[in-house]
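Following: one structure in structure tokens, then a few remarks.
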Amino acid sequence: MAKWVYGFGDGRAEGAAEMRDLLGGKGANLAEMSNLGLPVPPGFTITTEVCTWYYDNGRQYPADLDTQVDAALTAIGDMTGRVFGDKDNPLLVSVRSGARASMPGMMDTVLNLGLNDQTVLALEAASGDARFAYDSYRRFIQMYSDVVLGVEHHAFEEILDIFKEGKGHALDTDLSPDEWKQVIERYKALVEEELDQPFPQDPREQLWGAIGAVFGSWMNPRANTYRALYNIPANWGTAVNVQAMVFGNMGDTSATGVAFTRNPSTGENALYGEFLVNAQGEDVVAGTRTPQNITEAARIEAKSDKPSLEKVMPEAFGQFLEICNKLEQHYCDMQDLEFTIERGRLWMLQTRSGKRTAKAAMKIAVDMADEGLISHEEAILRVDPAALDQLLHPTIDPAARRDIVATGLPASPGAASGQLVFTSDEAVELAGTEQKVILARVETSPEDIHGMHASQGILTTRGGMTSHAAVVARGMGKPCVSGAGSIVIDYRKETLTAGGRTFNKGDIVTIDGGTGELLAGAVPMLQPQLSGDFAELMEWADDVRRMKIRTNADTPTDARHARDFGAEGIGLCRTEHMFFDDERIIAVREMILAETETGRRTALAKLLPMQRQDFTELFEIMHGLPVTIRLLDPPLHEFLPKTEKGIAEVASVMGVDPERLRARTHALVELNPMLGHRGCRLAITYPEVAEMQARAIFEAAVAAAKTTGEPVVPEIMVPLVSLKPEFDFVKARIDAMAEAVAQETGVTVAYQVGTMIELPRACLRAAEIAETAEFFSFGTNDLTQTAFGISRDDAASFIGDYMKKGLIDQDPFISLDPEGVGELVQIGCERGRAQRPDIKLGICGEHGGDPASIDFCESVKLDYVSCSPFRVPIARLAAAQATLKARKG
Ligand code: PEP
Ligand code: MG
């Protein structure tokens, strides 16, 4: 008989932490905590296999599941001394989902299950607290009706608000037991009205309803969106956790809270969390009441006048602190915990690895390695390279004037400016037209995931540091200010008001997630400094990684940035970018439009000193490191004047008739410029351009060697080669120029000539090309374009549909297609190496800064990846992880 149900409680469990796939994250960790002897309310987990079975079998359950559930309920009853469904001594339970990967807010929870008109009396008798018993019952009806029966939450809120207003009560806690009874009657009437049947009184029916709702919610739109965003396969399924209830709302000696063993925003090694006295379950995360700090230190720092847990329940606090340490030592990671204190007695409801900002991830990894809890290698693997982007994001310039509108909580660091929007759909719409938006909501819910994703930053007026907005924004690496209570958002008028000022939809605002401030207008930002933990982790990564990291840089500013970020040379200098400069463009146009070689050489002579100066500067900045310079690549017409004024200007410099110039301009226009007269094809038609560039490179190498005192070994790269003869033709010109410069200067420069491999034919004929090419750099932008036959300039208009419709997981222009394009790269590597075993191989397409693509580059043993300057740190870490993963096999 298959085992579908795993029990836990009383210091024992049938499951364990490593059974996460089967029990889900929550179930596996509840079992583990139980095994560790921690106070966990007894319960059981229905496995993820049941979820899969359920969907494979038309939403039915395996035949023997109910017997196993009954046995597990009896076991909980034995441990608690209660009986499920018994009217005098009822066992009440919670039902929670728990997928393999944490999906915050995605799945629904039901508490107090088992309550009905009878058992509520028993709860009243057992607790001696009628208010508590009826409050619990009405919460159950509300939650169950919302999650299981589909009667919306706000309909109940409305009933309660009207009731309170009628009675003149401000707070829920003002209601007497009798008043709660009246509310309950109204709730039940609402359910009956909506569903044409009464609220279920049978605990067993309630339980199976809740189990079905958890499985059902695995496929709800919110869960589907979350899975799509985070690449979680649908067939993983969710588990269901059923646990004996413990109550945080049994009066002033009861409480419920959430905590992180270290600060999830900064990584500081200090217990961090929030709780509410006399509250239940979701009250803390829902953000409807402002929670209290757990430690005194945090309370003082937050300048809160509400007492900390440390102060109000010192004993439970002490025990909780001990458990935190135990769990952190046990899991060797920062934990995110949920707990309830029932009449002074502490119960643990959840532990899991806590989500954290990149900054915190870095600090925690480095600190834990320094504390000896994990190895350097483990620390490297703990930080998601893509998340480093957060640290590379700007913060507000301290010198800037801050026009502070309101202050909330600093929920997720970084700063962002954008247009104010009040709905997620609007955020998505504006982001689709490349506009930057700040999403402002009273509070966010899982329905807002898409809007949060599309925004630069998120602002809420309600909710704490662990509210939905805060948790999700941190995970996404977006700046977030939460709980800015002095702000009033009016959704209908589409306005935000604070401190007597009103902002409309579309107004530009800035949020500072580091200070919790909302600022008017756009504010100057500063680039981040990479030191401390960042530098330390990078050093460890550098010790481990096999591949070198170079950068794609065409300007001195880029090159300096990249060097500061740890680039080990330039892998691609796109020289055409140097031609677009205002001063030069006329000479470039003159060169292109010249009708004779002499005319062209005259124009080139003007460009030579400028190019020489460019290269000298790059060589000097990168002294001691390799610099790859690529010969001119783009279609010529890109340089041509597009306006009458532009044509007249060039015509006057060249002393020709504007009419002739216009005709020549038209003649150069191509139908498919990306597949046209570009790359080495230009050098075949106009070798003198390549010669001028080669001369500039060699003369710059001589000059830079003098100023830096170090020899410069330029790597000259020929673009868009598909035929060996193309490469040889250009190489011959370069070699001749090297010889000429050596003669003229008396200095012989060592250099290499290699090629971009960015066309399928070049991959296939790599062996032949490697006879004369001394290095290859895979240009995976063009290789993706030509392998797929998809124009890289037009892909954006339809690739999104391919992803939405599930035909591909990733845009192949962002993350290298490992199968198709990958196979071409692999063939290129193998054939190139077979011909020239020591050939240097690299990549310089956009993929060079993408962690998944870097993994691929490690698998074909490239010598280096080259990426844009801001991605250099990401690439350093990703390359180290790739090395470690390759070692593990
Ligand atoms: C490439 O094609 O991958 C490449 C790096 O060159 P470019 O993007 O300049 O065409
Ligand atoms: Mg290219």
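The values are calculated or read from the model by the stated rules, or taken from the named source; none is laboratory data. Not measured: the values here are computed from a predicted model. Cβ atoms come from the backbone with ideal geometry, glycine included; neighbour counts cover every protein chain shown.
Among the residues examined, residue 665 does not qualify as surrounded by fewer than 24 Cβ atoms within 10 Å (Cβ to Cβ) and more than 26 Å from residue 588 (Cα to Cα). Name the pairs: first residue in region 709-720 and over 18 Å from residue 612 (Cβ atoms), second residue part of a loop (DSSP other than H, G, I, E, B) and more than 16 Å from ligand 2 (Cβ to nearest atom), Cβ to Cβ under 6 Å, at least 6 apart or on different chains? Pairs found: 710/623; 710/624. Screening region 424-492 for strands (runs of 3 or more DSSP E) wholly inside it with 1 or more residues that are charged (D, E, K, R) returns the ranges 437-441, 488-490.
Listed by first and then second residue, the pairs with beta-carbon distance under 6 Å, at least 6 apart or on different chains, first residue in region 754-770 and charged (D, E, K, R), second outside any strand (DSSP E or B) and within 11 Å of ligand 1 (Cβ to nearest atom), are 758/779; 758/782; 758/783.
Taken together, the residues in region 736-759 that are more than 16 Å from ligand 1 (Cβ to nearest atom) and of a type in the set (Asp, Glu) amount to 2.
Can you pull out the residues in region 760-774 that are buried (at least 24 other Cβ atoms within 10 Å of the Cβ), within 14 Å of ligand 1 (Cβ to nearest atom) and either more than 30 Å from residue 799 (Cα to Cα) or not small (Gly, Ala, Ser) (or both)?
Residue satisfying the conditions is 763 alone.
Counting only strands (runs of 3 or more DSSP E) that sit completely within region 213-296, those holding 3 or more residues that are more than 28 Å from the chain's Cα centre (by Cα), at pLDDT 90 or above and closer than 26 Å to residue 19 by Cβ correspond to 238-244.
Just so you know, in region 635-659 the residues that are crowded, with 20+ Cβ neighbours inside 10 Å and assigned to a loop (DSSP other than H, G, I, E, B) include one that is nearest to ligand 2 (Cβ to nearest atom), and it is 635.
Residue by residue, here is whether (1) assigned by TED's automatic domain parsing to the domain that holds residue 714; (2) out of contact with any strand residue (DSSP E or B) (no Cβ under 8 Å at 6 or more places or on another chain); (3) not basic (Lys, Arg) holds:
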position: 572; (1), (2), (3): yes, no, yes
position: 585; (1), (2), (3): yes, yes, yes
position: 590; (1), (2), (3): yes, yes, yes
position: 594; (1), (2), (3): yes, yes, yes
position: 597; (1), (2), (3): yes, yes, yes
position: 600; (1), (2), (3): yes, yes, no
position: 605; (1), (2), (3): yes, yes, yes
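Number of residues in region 712-727 that are surrounded by fewer than 24 Cβ atoms within 10 Å (Cβ to Cβ) and in a strand (DSSP E or B) equals 1. In this structure, residue 417 does not qualify as of a type in the set (Ser, Thr, Tyr), more than 24 Å from residue 392 (Cβ to Cβ) and either buried (at least 24 other Cβ atoms within 10 Å of the Cβ) or not assigned by TED's automatic domain parsing to the domain that holds residue 226 (or both). For region 660-711, filtering for residues that are outside any loop (DSSP other than H, G, I, E, B), at pLDDT 90 or above and within 16 Å of ligand 1 (Cβ to nearest atom) leaves 6.
Here residue 84 meets each of (1) closer than 30 Å to residue 22 by Cα; (2) modelled with pLDDT under 95; (3) among the aromatic types (Phe, Trp, Tyr) with one exception, condition (2). Please indicate, with yes or no, whether at least one residue in region 546-556 is assigned to a helix (DSSP H, G or I), farther than 24 Å from residue 864 by Cα and modelled with pLDDT under 90. No: region 546-556 contains no residue that is assigned to a helix (DSSP H, G or I), farther than 24 Å from residue 864 by Cα and modelled with pLDDT under 90. The criterion of being of a type outside the set (D, E, K, R) and crowded, with 22+ Cβ neighbours inside 10 Å holds for residue 513. Scanning region 728-771 for residues that are closer than 24 Å to residue 696 by Cα, outside any helix (DSSP H, G or I) and more than 16 Å from ligand 2 (Cβ to nearest atom) yields 746, 747, 748, 749, 750, 751, 752, 753.
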